[in-house]
Amino acid sequence: MKSLYQDKKFATYWNERAGETGEIYKRLVLDPIMIDLVGSLKNKTILELGCGNGYLAQRFIEQNPKSLILTDISKHNLEFAKEKCADSRISFLEQDVTEKWQVGSESIDIVYSNMMLNEVENIETPI
């Protein structure tokens, strides 16, 4: 197991903690800053690295992207994300970001990651 999030019990705990809108420090501080820095998502393809329980997907979809790919190393996190995200533009991908990505870089307009790279031992590959 490379990540604690691959443990179902921990992923369940984190899903309950993040809820529908994310933890308070993300919802009130980090998410607004990050989303402002990224700019418009309209008609773009977004890849979110480490989507967790998918709580940000609805905010992304409200900006009318062409597509949104939610990735996470944890199949349990992706299951929680699927429960929250019913839009046909969203796809889900179990992906270890330190391994070769299962999507071509030419197909992605924006790679978004919020508080995931700090959990990766060697960030050279994802960066």
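Every read-out reported here was derived from the displayed coordinates using simple, explicitly stated rules and does not represent laboratory data. Keep in mind that this is a model prediction, so the values were computed, not measured. Every residue, glycine among them, receives a Cβ derived from its backbone with ideal geometry; neighbour counts consider all protein chains shown.
The figures follow:
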{"item": "Residue-averaged 222 nm ellipticity for the chain, from DSSP H runs of 4+ at -39500 (n - 2.57), nearest 500", "result": "-7500 deg cm²/dmol"}
{"item": "Extended-chain gain in nm, criterion 0.36 nm per residue less alpha-carbon gap, Val38 and Glu119", "result": "27.0 nm"}
{"item": "With 5 Å bins from 0: P(r) over the stretch 1-70, alpha-carbon pairs, percent", "result": "3, 15, 23, 25, 16, 12, 5, 0"}
{"item": "Contact order relative to length of the stretch 1-98, as percent, for alpha carbon pairs under 8 angstrom and 6 or more apart", "result": "29"}
{"item": "Centroid-to-centroid separation of the stretch 48-127 and the stretch 6-31 [C-alpha atoms, Å]", "result": "15"}
{"item": "Dipole magnitude of the stretch 4-119, debye to nearest 20 (Cβ charges: Lys/Arg +1, Asp/Glu -1, about Cα centre)", "result": "200"}
{"item": "Cα-based equivalent ellipsoid, the chain: semi-axes from gyration tensor eigenvalues, Å", "result": "20, 18, 15"}
